Each structure stands twice: as structure tokens, then as C-alpha cells.
1. Quick one: would you say A82 is touching a Ser or Thr at 6+ places or on another chain (Cβ under 8 Å), without any contact (Cβ under 8 Å) to a residue 60 or more places away in the chain, buried (at least 16 other Cβ atoms within 10 Å of the Cβ) and not in a strand (DSSP E or B)?
2. Filter segment 19-52 for residues that are over 24 Å from A68 (Cα atoms) and in a loop (DSSP other than H, G, I, E, B) and give the result.
3. Of all residues in segment 85-106 being part of a strand (DSSP E or B) and over 13 Å from the mean Cα position of the chain (by Cα), which is surrounded by the most Cβ atoms within 10 Å (Cβ to Cβ)?
4. Filter segment 14-53 for residues that are charged (D, E, K, R), surrounded by fewer than 11 Cβ atoms within 10 Å (Cβ to Cβ) and over 17 Å from the mean Cα position of the chain (by Cα) and give the result.
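Computed from the coordinates by the stated procedures, all read-outs in this text should not be read as laboratory data. None of these values were measured; they are calculated from a predicted model. Glycine also receives a Cβ, built like all others from the backbone with ideal geometry; neighbour counts cover every protein chain displayed.
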Amino acid sequence: MGGAVLDHVSLKVADYRRAEAFYDAALAPLGLRRLFGDGETYAGYGSERPFFWIGSDGRSGYAHVAFAVPSRPAVDAFHATAIAAGARDNGPPGLREHYHPTYYGAFVLDPDGHNIEAVCHAAS
């Protein structure tokens, strides 16, 4: 497969407002700012596109890591292999057009319950 790199990371936070204020301040010296979010439950930070996300859904200590891969078959292979290795399905391979028209991803929960994703942004 090869060529995978980190695409984005998400952290679940217990107190969204506190976390938003913290990351707004702490990431500013790094040249990162809040680029996206609803102002109440999630926000995405970056310089040109969001790649670090925080969100609140009543849980904390939960991580989401997404690996960018070069092709849709690589997403499919990741999902099948991860399930065979003991992961639980958290979203089968497919388009997620609510993110953007060519967002093709698959999600699994690792043995500790973290959401691990493979995503391809290519058109096909």
C-alpha cells in the first residue's frame, strides 16, 4: 500500500468551551487558527485547511486518527485488514460527500476504542 501520511487528528474533550479557548490561544504561536466549526461542539484548526479537530459528545480521552492514502482500493484494504486483525467496524469504505464530494473513507475502532480512519481525497 505505502504512501500513507497523517491526514487529521481529532480529540474528544469534556468541556468544549474550555478546550476551544485553550486551543485558540495555545495554537496561535504555531501559526494555527480555528478554521471551521459550529462554535458549540466541534472545531477544526490549521493554517490552510483544518487537520487538528476537537469535539464534544459527552466523552473525553477518545482519539480519532486519519491516515491519508493514495487510492480508494487502499482504503478498502485497510478496512478489511483491520477488521481481520480484530478491529470493530465504525463505518465501511465509501464516499462521505458531506465532508466533500471525493472524500472516500473507512473507519474502525481499535482494541482500545480509538477511531482509526483511512481516507482518500482523489476523485476516483
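1. So A82 does not fit the description; no.
2. Of everything in segment 19-52, those that are over 24 Å from A68 (Cα atoms) and in a loop (DSSP other than H, G, I, E, B) turn out to be D38, G39, E40, T41.
3. P93
4. Hit for segment 14-53 is E40, nothing else.
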